[in-house]
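Data block below; observations after.
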Amino acid sequence: MGLQPGSTGLSDPETERFSHYFESVPADQFDAMIWIEHTKPVAALPWPKTQHLEPETYPFGV
C-alpha cells in the first residue's frame, strides 16, 4: 500500500527515508481498522473536596 513510518528514537535526514519507513499492506497486518473523523479533548475530573493540594504520588501517582 505504501511507505509507513516506523518507530525510531533518532533521526538522520540523510538516511531517514530508507531507515525510518517500511513497505506496508494494512490488510495483511490488521484484522480490522476504524476511522474516527472527529475527536475532542477529555475534560479533567474535578478535585474531591477532601483532596489535599499535593496529589498522592506513592507508589505510582495514580
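No value in this document is a laboratory result; all are computed from the given coordinates. The structure displayed is predicted, hence computed values, not measured ones. With ideal geometry, Cβ positions are generated from the backbone for all residues, glycine too; neighbour counts draw on all protein chains shown.
Ranking HIS20, HIS38 by Cβ neighbours within 10 Å, fewest first, what do you get?
So the ranking, lowest neighbour count to highest, is HIS38, HIS20.
Whose amide H sits under 5 Å from the amide H of SER24, counting only residues 5 or more places off or on another chain, with H placed in the peptide plane?
Here GLY2, GLN4 satisfy the definition.
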